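Some notes on the structure that comes next.
The values are calculated or read from the model by the stated rules, or taken from the named source; none is laboratory data. Every value quoted in this text rests on a predicted model; they were computed, and no experiment measured them. Note that we place each Cβ from the backbone using ideal geometry, even for glycine, and neighbour counts take in every protein chain shown.
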Amino acid sequence: MIDIHTHWCLFGRDPVEVEAELAYLEAGGFEKVAVFPLPGLGAAPEKVLDMVPGAYRELAGLNAKRTVHDDLDSWRAFQQRWQARPRSLELLSFLDIRGWDGKADLAPWWGAGHAGLKSIIIDEMDGPKMRMPPLRNVPGLSRGAYLKAHRAMFAAAANLDVPFIYHADLTLHSDFVEACYQAHPRLRVNVPHFGFSRKCMAAMLDRYPALMTDISSLGPYMDKDPAAYRDFINAYPDRIMLGSDAIASYDMRPAMDYAQRVRALGLTPSVEAGFLSENARRFLYG
């Protein structure tokens with residue numbers, strides 16, 4: 001199994017606990033987990049907390065004291081720890097560039113490389129749902145400059161030839177996402193959470209055969225209406241991936257809960273296998 005969507009955000013939690021949780025996933029059959037370390041990208045320490053949605057801040061008990069360091073540093077230290085012994089579970093990092101201004105050289109944060117890039121668009125209109133201020137305030141950009149930076153994110157992923165996970169509420173940003181995607185039509189893009197709308201996501205999937213999505217954070221909705229989600233998955237069997245939105249500062253084990261939800265849907269063996277691993281493998285490696 002492959003979980004294509006988890007967040008690092010260790011922010012002071014004991015890495016021994018995280019290692020045990022990942023070992024649990026490893027023992028349960030996970031072969032890869034994608035994690036998203038969140039660097040400050042030059043932002044002032046007090047701005048880092050503004051890059052985390054309100055629900056996550058509450059879930060993990062995050063505050064300014066716990067987010068003053070660069071999340072990428074803790075990931076690199078943990079990566080060395082994880083790789084120090086033989087493992088069947090591979091951890092793949094997607095560098096989260098949500099705080100990027102679109103101009104600064106990403107090389108210091110890219111370092112030895114990552115499996116891909118991750119970002120999220122949070123404009124004024126996203127505030128009520130995401131419970132966080134506009135992300136353009138982190139690097140201090142105008143709205144126009146912020147949208148330009150997001151176009152640069154798509155270009156950066158295309159130039160690096162890596163997949164790009166781009167969180168966007170398609171009920172608010174579908175036109176912008178399409179414009180960015182059309183500029184780089186060969187880029188492997190995952191708009192997670194069904195883009196916050198199955199209807200909007202279906203329209204995008206119909207227009208763009210290479211576009212992907214994942215089920216991260218949708219567990220409670222799947223539990224309420226499994227038939228509707230089974231129908232959607234069967235309509236796009238090669239385009240939907242397993243993801244959990246688990247966060248290292250709280251608990252990585254919910255990835256297993258999401259895998260069990262998929263197995264409970266009663267999908268055909270080929271569709272289930274695609275969902276649990278093969279679709280993600282194609283997204284990762286083309």
Qualifying residue in the range 125-147 (condition: of a type in the set (Val, Ile, Thr) and closer than 27 Å to residue 21 by Cα): no
Boolean, residue 200 is part of a helix (DSSP H, G or I) and touching a Ser or Thr at 6+ places or on another chain (Cβ under 6 Å): yes
Single condition residue 286 does not satisfy, out of (1) over 17 Å from the mean Cα position of the chain (by Cα); (2) more than 30 Å from residue 11 (Cβ to Cβ); (3) free of Cβ contacts under 8 Å to residues at least 60 places away in the same chain; (4) surrounded by fewer than 16 Cβ atoms within 10 Å (Cβ to Cβ): (3)
Any chance residue 275 is crowded, with 22+ Cβ neighbours inside 10 Å, among the aromatic types (Phe, Trp, Tyr), modelled with pLDDT of 95 or more and farther than 13 Å from residue 1 by Cα: no
Filtered residue count, the range 70-81, keeping only those that are surrounded by fewer than 19 Cβ atoms within 10 Å (Cβ to Cβ) and in contact (Cβ under 8 Å) with a residue 60 or more places away in the chain: 2
Count - residues of the range 137-179 that are of a type outside the set (Val, Ile, Thr) and assigned to a loop (DSSP other than H, G, I, E, B): 8
Single residue of the range 230-275 satisfying the filter (of a type in the set (S, T, N, Q) and part of a helix (DSSP H, G or I)) that is farthest from residue 20 (Cα to Cα): 234
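Conditions tested, residue by residue: (1) over 16 Å from the mean Cα position of the chain (by Cα); (2) closer than 26 Å to residue 35 by Cβ.
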site: 145; (1), (2): yes, no
site: 150; (1), (2): no, yes
site: 162; (1), (2): no, yes
site: 168; (1), (2): no, yes
site: 173; (1), (2): yes, yes
site: 179; (1), (2): yes, no
site: 186; (1), (2): yes, yes
site: 193; (1), (2): no, yes
Within the range 33-91, considering residues that are under 16 Å from the mean Cα position of the chain (by Cα) and in a helix (DSSP H, G or I), the one modelled with the lowest pLDDT: 56
Failed item, numbered, when residue 140 is tested on (1) over 28 Å from residue 15 (Cα atoms); (2) modelled with pLDDT of 95 or more: (2)
Any hit, the range 96-107, residues being in a helix (DSSP H, G or I), free of Cβ contacts under 8 Å to residues at least 24 places away in the same chain and closer than 30 Å to residue 81 by Cβ: yes
Filter pass, residue 217 being assigned to a loop (DSSP other than H, G, I, E, B) and within 20 Å of the chain's Cα centre (by Cα): yes
